[in-house]
Amino acid sequence: CAGLQRVVGGADGHTSGVVLLGDARGCFPPDLGQGVNSALGDVEELGKALDTAGGDLADALPRYEAARAPQIASLIHLMTFS
């Protein structure tokens, strides 16, 4: 899983963002119970990014990605090797 994905070539020819949260973002096996915890952290961080960006989604999504990527990478590592 690559986390935040960009969908290019919408109907209007512009790029639109897609946000993945929880299990979808981190690709955790659902039986490990990390999806909800991760999703709550994702939602909190996305809210902070939107506040910082003044509600501008195009500005907020890269901020969100940068803020969450280290935590998600650590969780994936933990789930893979524990």
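The values are calculated or read from the model by the stated rules, or taken from the named source; none is laboratory data. In this text, all values refer to a predicted model and were calculated from it rather than measured experimentally. So basically every Cβ, Gly included, is an ideal-geometry build from the backbone, and we count neighbours across all protein chains shown. Calculation scope for accessible area: heavy atoms of the full protein, side chains included, ligands and nucleic acids excluded. Shrake-Rupley method; radii C 1.70, N 1.55, O 1.52, S 1.80 Å.
Here are the numbers for the structure shown:
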read-out: Some residue of region 28-41 being exposed (fewer than 14 other Cβ atoms within 10 Å of the Cβ) and at pLDDT 85 or above; value: yes
read-out: Residues located in region 50-66, provided they are open to solvent by less than 80 Å² (accessible area, probe 1.4 Å) and either part of a helix (DSSP H, G or I) or under 11 Å from VAL19 (Cα atoms) (or both); value: LEU50, ALA58, ASP59, ALA60, LEU61, PRO62, TYR64, GLU65, ALA66
